[in-house]
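Notes follow once the structure below has been shown.
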Amino acid sequence: MHTQDGRNVTGRVEMASVGAIAGLAIWALVDHLPDVITHPHVYLAVTSFVSGFFAVLLGLSGPYRVARAAMPALWLSALAAGLLTWAGWRFDTLDAFAEAGHSIMAWGVFISIGTPFAAALLRDHHSLRDYGHLFDVSWSILVRYSAGWLFAMLCWAVLFMSHALLEIVGLTIIEDIIDIDGVPFVITGLALGLGLSVVHEMREYLSPFLVLRLLRLLVPIVLVVVLVFVVAALAQNPGSLFGSLSRTATLLCVGLAMISLVSISIDRSDADAVHSRWMRLCTGALALLLPVIAGLAVYALSLRVAQYGWTPARLAAAATSAIVALYAVTYALAVVLRGPWMARIRQANILAAVVVFLVAAAWQTPVLNAEFLSTRSQVARIENGTSDLVDMALYELAHDWGKPGQVGVEQLKDGAAQTDAALQAALLRAETASSSWQFERGQEGRGSDALAAQVYAHLTVVPEGDTVDVEMLQAWPHFRLRDWAVQCAARPDPGCVLVLGRFLPEDNIRQGMMFIPGQEHEYDVYSLYFSGETLSVGEFLTPIGGKEVTVTQVRSILQGRYEVAPSSRRSLWIGDLELFPDF
């Protein structure tokens with residue numbers, strides 16, 4: 001017992017020391033290294049190497065002594081730093097590189113997936129194919145880091161409370177110590193290292209076992225939600241549901257959650273997996289639904305790319321979609337082939353993890369240069385005339401996509417802009433704009449006139465004696481005009497309808513309601529109001545009683561079958577449907 005206690009004390013001192021050194025190193029990187037290393041890419045290499053080294057070292061230490069864990073931490077962090085620095089050469093400044101962010105995320109994924117494999121190598125090279133060991137290592141690192149950071153936050157809470165207590169009697173010793181440069185970083189690192197050491201000592205009591213058992217309970221719930229979603233989605237028009245990148249991100253997050261839950265349910269072996277027939281059926285069904293979610297994500301992304309072309313964000317979504325699709329296909333095949341399907345999924349997880357590791361590495365090399373691929377896509381769309389001026393990613397080319405983007409701008413200047421004065425002016429504004437907001441404001445002002453004309457061409461004003469001018473529409477928000485121009489033209493019969501009237505007679509002010517084609521046969525309604533000669537867009541309106549406005553009711557308006565009449569206030573009545581212009 002005495003020997004064990006001695007080992008524990010030694011391990012705690014060792015880990016606390018490593019954590020303190022890590023904190024001191026991070027402080028030096030942030031506060032002093034920029035003054036010593038002025039070359040941005042050298043600074044990026046050193047910073048990423050040191051950060052990665054200590055992150056991997058603290059993750060591996062505990063189960064292994066620090067001296068033994070140092071070598072795999074060294075080569076993994078060196079490889080990751082080399083890849084990240086390679087990606088950094090796409091940009092002239094670190095600020096632009098950091099703002100892009102996706103390469104830094106790929107670096108984090110590379111480190112995170114590489115660490116469990118490095119731990120397996122510390123055991124023996126056969127452990128690289130031992131799914132049970134990799135599963136245990138991955139979850140134990142996650143739990144230890146979570147508990148370690150929680151302990152570090154609690155330490156700071158105790159310090160602040162102690163300072164508040166001592167301050168009552170006029171003592172500021174804790175504040176004075178914390179104010180010393182670098183001390184907060186050292187304290188945080190020391191607490192983290194100590195926490196990681198103690199969590200490893202208590203691994204029999206604080207293990208991933210409880211967390212995994214709790215997460216398994218979510219499988220039936222997620223299965224029901226996904227099943228309802230899939231049925232509802234397939235019963236509707238996919239184009240109207242998935243035409244945005246945010247929908248793709250939601251689908252991918254759901255897909256990743258499904259992958260995690262399936263992996264958690266099958267655990268490290270059949271003996272540890274879910275036992276009841278019901279839970280195994282739910283897990284298998286979740287695996288079979290994964291290809292549907294992956295397919296919808298790919299479809300949603302393809303719609304967005306076809307409409308606006310590639311960008312780094314869409315390329316990142318495409319890479320994630322491909323990875324989710326890989327899991328989906330292997331999981332579904334494993335279940336369909338029956339037999340030892342859980343064992344097949346475990347082996348597929350190792351293969352998929354290696355693929356993700358390689359994709360994260362390739363993302364930081366010219367093989368998957370997101371800025372170059374995005375620039376090539378956007379320039380081609382502009383040169384082919386398939387991109388409207390307001391949708392061109394000119395500011396991104398000039399400022400956000402590094403050296404490839406700047407090359408693209410020069411290519412446009414020497415090519416398409418030579419015969420297009422509007423494009424030439426837009427390129428100049430993009431290069432001189434101090435922010436994307438400033439550039440977009442300039443673009444919107446020039447694009448709104450054309451969009452207003454498109455809306456006006458498909459707009460019917462009721463009653464016939466009332467009219468509006470196209471100039472009144474030009475002041476509407478650009479995003480409204482952009483969306484409504486598409487929606488009004490998509491359903492020309494009856495198109496968009498504007499009903500004008502005096503809904504508040506005592507104010508003697510004209511107001512109105514704009515009917516915009518929505519999903520399926522429904523219409524969205526917005527209030528409009530006059531302020532002098534200006535016609536402004538008000539609120540989105542919901543019919544009283546929670547009903548939906550249909551295309552049949554909008555056609556009734558055009559046929560004169562409506563009235564502006566009071567309830568508790570004057571409303572628009574279309575049969576028994578009541579609408580009030582709430583401003």
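The values are calculated or read from the model by the stated rules, or taken from the named source; none is laboratory data. Note that the structure is a prediction, hence the values are computed from the model and not measured. Note: ideal-geometry Cβ built from the backbone for every residue, glycine included; neighbour counts use all protein chains shown. Remember, those area values only see protein heavy atoms, side chains included, never the ligands or the DNA or RNA. Shrake-Rupley method; radii C 1.70, N 1.55, O 1.52, S 1.80 Å.
Give me the percent of the accessible area of the chain that comes from carbon and sulfur atoms, probe 1.4 Å, all protein chains in place.
Carbon-and-sulfur percentage of accessible area, whole number: 63.
So what's the projected area for region 322-395, the Cα convex hull averaged over all directions, in nm²?
The number I arrive at for region 322-395 is 7.3 nm².
For the chain, take the longest principal axis of its alpha carbons; what is the angle in degrees between that and the long axis of helix 341-362, to the nearest 10 within 0 to 90?
For helix 341-362, the angle is close to 80 degrees.
Apply the Karplus parameterisation 6.51 cos²θ - 1.76 cosθ + 1.60, with θ equal to phi minus 60°, to every residue of region 287-300 and state each ³J(HN,Hα) to the nearest whole Hz, in sequence, with x for glycine and proline.
Calculated HN-Hα couplings, in order: 5, 6, 7, 4, x, 5, 4, 4, x, 5, 5, 5, 5, 4 Hz.
Between D31 and K547, how many nm apart are label points set 7 Å from Cα along the C-beta direction?
6.9 nm
For region 277-402, what percent of Cα pairs sit more than 18 Å apart?
For region 277-402, the fraction of Cα-Cα distances above 18 Å is 62 percent.
I need the calculated FRET efficiency for the pair R555 and Q307, taking r as the beta carbon distance and R₀ as 45 Å, to the nearest 0.05.
The calculated FRET efficiency here is 0.90.
222 nm [θ] for the chain, helices only, -39500 (n - 2.57) per DSSP H run of 4+, per residue, to 500?
-22500 deg cm²/dmol
For the chain, what is the accessible area per residue in Å², given a 1.4 Å probe and the full set of protein chains?
Value for the chain: 50 Å² per residue.
Report, to the nearest 10°, how far helix 66-88 tilts away from the longest principal axis of the Cα atoms in the chain, using its own Cα long axis and a range of 0 to 90°.
Relative to the chain, helix 66-88 is tipped by roughly 30 degrees.
Expressed as cubic angstrom per residue, what is the convex hull volume of the alpha carbon set of region 12-134?
106 Å³
When only C-alpha pairs under 8 Å and at least 6 residues apart count, what is the relative contact order of region 56-190, in percent?
Relative contact order comes out at 19 percent.
Which far-off residues, 5 or more places away or on another chain, put their amide H under 5 Å from the one on L528, with H placed in the peptide plane?
G512, M513, M514, G538
By the gyration tensor of its Cα atoms, with a ≥ b ≥ c the square roots of the eigenvalues, what is the shape of region 199-357: rounded for a/c under 1.5, prolate for a/b over b/c, or oblate?
prolate
Between E563 and L234, what FRET efficiency follows from the Cβ-Cβ distance if R0 is 41 Å, with the result rounded to 0.05?
Efficiency at R0 = 41 Å is approximately 0.50.
Compute the Kirkwood hydrodynamic radius of the chain, taking the inverse of the mean of 1/r over all pairs of distinct Cα atoms, and give it in Å to one decimal.
After inverting the pairwise mean of 1/r, the radius is 28.7 Å.
Suppose the chain between L210 and K403 were pulled fully straight at 0.36 nm per residue; how much longer would it get relative to their current alpha carbon spacing?
Length gained between L210 and K403: 64.6 nm.
Using a simple spin-label model with points 7 Å from Cα along the Cα→Cβ vector, what separation in nm is obtained for A70 and L288?
Each label point lies 7 Å from its Cα, and together they span 5.5 nm.
So if I take the centroid of the Cα atoms in region 149-192 and the same for region 303-370, what is the distance between those two points in Å?
44 Å
Provide the gained length on full extension for the span V470 to D95, in nm with one decimal, where the gain is 0.36 nm per separating residue minus the Cα-Cα distance.
Value of the extension gain: 130.6 nm.
Against the longest alpha carbon principal axis of the chain, how many degrees, from 0 to 90 and to the nearest 10, is the axis of helix 218-234 turned?
30 degrees
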